[in-house]
Every structure is written in C-alpha cells, then in structure tokens.
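Have a look at the structure below before the remarks.
Laboratory data are not the source of any read-out in this text; all were calculated from the coordinates shown. Everything numeric here is computed off the predicted structure, so don't read it as measured data. Positions of Cβ are generated from backbone atoms using ideal geometry, with glycine treated the same way; all protein chains shown enter the neighbour counts.
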Amino acid sequence: MHRNHVYVFDVATADPAALDDLDAVRGALTALADDAGLHPVGAEAVHRFAPQGLSLAVLLAESHVAVHTWPELGTAYVTLTTCRRPGSGFVERTRTALARAWGGEVVARTVADA
C-alpha cells in the first residue's frame, strides 16, 4: 500500500521582511528538502499578495513542499508531503532551521501518515 507522510510546521513571531523575501522563503524550503533527502524537479508555483505575503509550492520527485506567509502577522505555514519518510531527527532540525531562516519560532508541528 502506498503511504504518504505529511509534515506541517506553524511559524510565529517571524521577521516580516524575511517572510516577504522570496529568495529567503525559497532557500528555507530548498534546505528543508535537501535535509530530508528529497529532490526538487525544477518546477514551482509562486503567488505574491498585495501589499505583502506569498505562497510558494516546490514540486519534488517525491511529492511537494509548500509555504504560505503572512508577514503582517509574523506567521508562516509550511507543509511537506512525501512518499518517502525523512531520516531520524528531521522534525527537530526543521524546527531549528525555519526559526533560524525567518526568525521566530515553530510553535506547532504535525506529523501524519496517510
């Protein structure tokens, strides 16, 4: 049976400028995928909101990773869906990496197998 692994990270008190910086947001998602041993396929979708905020989805050979940011609130919502479970310690490393990349902290996380 095919299994999906879903990881959700809620980020709060983040730096509004970092959450509205496409390169900073893309860099954090790319680092997350690299740490998980996943492979971006070179396709992404971006939507910028006015006056601020963005949504970014990066397609992976193993599924996708996406983020939605609300700089005015200092928050972001990151989801990773993959058919391949990342290695041990991935969740904690991701919490630390997202907090470092955008300031703030990961206030909630969800891990589910579907």
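Quick notes
- Paramagnetic label zone (point 7 Å from Cα along Cα-to-C-beta, S55; backbone N under 20 Å) in the stretch 1-34: 6-12, 19-30
- Evaluated with a Cβ-only charge set (Lys, Arg +1; Asp, Glu -1), the chain carries a dipole of roughly 340 debye about its Cα centre, given to the nearest 20.
- Listed residues G42, A24, H5: farthest to the positive end of the dipole of the chain (Cβ charges): H5
- If R0 is taken as 30 Å, the Cβ-Cβ distance between D23 and R85 corresponds to a FRET efficiency of 0.55.
- Extension gain, A97 to T13: 0.36 nm times the residue separation minus the Cα-Cα distance gives 28.8 nm.
- Summing charges over neighbours of T79, with a neighbour being any other residue whose Cβ is under 13 Å away from its Cβ, gives 0 when K and R count +1 and D and E count -1.
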